[in-house]
Amino acid sequence: MSDHPDAHRALVDGFAAGPIAQLVLDPAGDVAFCTARMRDMFGVAERHIGRPLSELELSRRPVELRPLIELATRTDRPARANRVRWRSHGGSERILDVIVVSTGRDGRLTGTSIAFVDVTEQSALSAELEVAYEELESTADALRATNRALAETHGRLESACGRLLVADSQLQAMREQLRIRCGRLDRLQLVADAMLEDLCAMAAAADGEPLRGIGHARATTLPAGLHEHEPERHRGSDAPP
């Protein structure tokens, strides 16, 4: 089908209308074909077809193409120049990936394809993602630092809580001791109150009957036998000399 003129023409037209700025060189290094996007971006015209690439400013700007062509031909692998900055005729700056591929058949070079892929939007998005990633890293570092600080604070709080538990236990023991002492004091107070009532009763009785009250009180407190001679001393002291 590729030998049919219409099919070949359809293939060429479809390739020419592609969205990528692409240039094809013949084995001699002359311009053999370019896409419409190539014409729009770099001003390649029909008059440049069949001319050596070296005559085009494109061979030197935005990047030197000869080293890439030589590398692709020598290694039989695509050669790339990524993130090449280029200012368009309209003045806007674009970022391009330049890809050079050499093709061959039976060990012979049949041509070279040079593509200029506009990655401006992807680069902007990548830059935004890098900024967002850096911000996330910074936030993660801050969170890790906060977690460490919280862990240290938690440790200090646990230590303080342990000390408070010990202090509370000591206070409970002191409270129990105070309760026991208060109970003892209450009992002593009851005894003191009872003694005071007895003393008050004795004082009241002594005010009403002095001798009887005093004698009764002394009789209840002196040893046996001593109070029997007490009246004689009183009587002897009362007798005239």
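Under the condition of being part of a strand (DSSP E or B) and either free of Cβ contacts under 8 Å to residues at least 60 places away in the same chain or surrounded by 14 or more Cβ atoms within 10 Å (Cβ to Cβ) (or both), the residues counted in segment 110-121 number 8. Within the option set Gly50, Gly90, Gly107, being without any contact (Cβ under 8 Å) to a residue 24 or more places away in the chain, surrounded by fewer than 12 Cβ atoms within 10 Å (Cβ to Cβ) and touching a strand residue (DSSP E or B) at 6+ places or on another chain (Cβ under 6 Å) holds for one residue only, Gly50.
Considered as a group, the residues in segment 22-51 that are of a type in the set (Asp, Glu) and out of contact with any Gly (no Cβ under 7 Å at 6 or more places or on another chain) include one that is nearest to Ser92 (Cα to Cα), and that residue is Asp40. Would you check which residues across segment 26-47 are free of Cβ contacts under 8 Å to residues at least 40 places away in the same chain, surrounded by fewer than 18 Cβ atoms within 10 Å (Cβ to Cβ), of a type in the set (A, V, I, L, M, F, W, C) and under 16 Å from Thr112 (Cβ atoms) and list them? Correct list: Ala28, Phe33.
Readers should treat all values here as calculations from the given coordinates under stated rules, not as data from a laboratory. Here the structure is a predicted model, which is why all the values come from computation and not from measurement. All Cβ positions, even for glycine, are placed from backbone atoms using ideal geometry, and neighbour counts span all protein chains on display.
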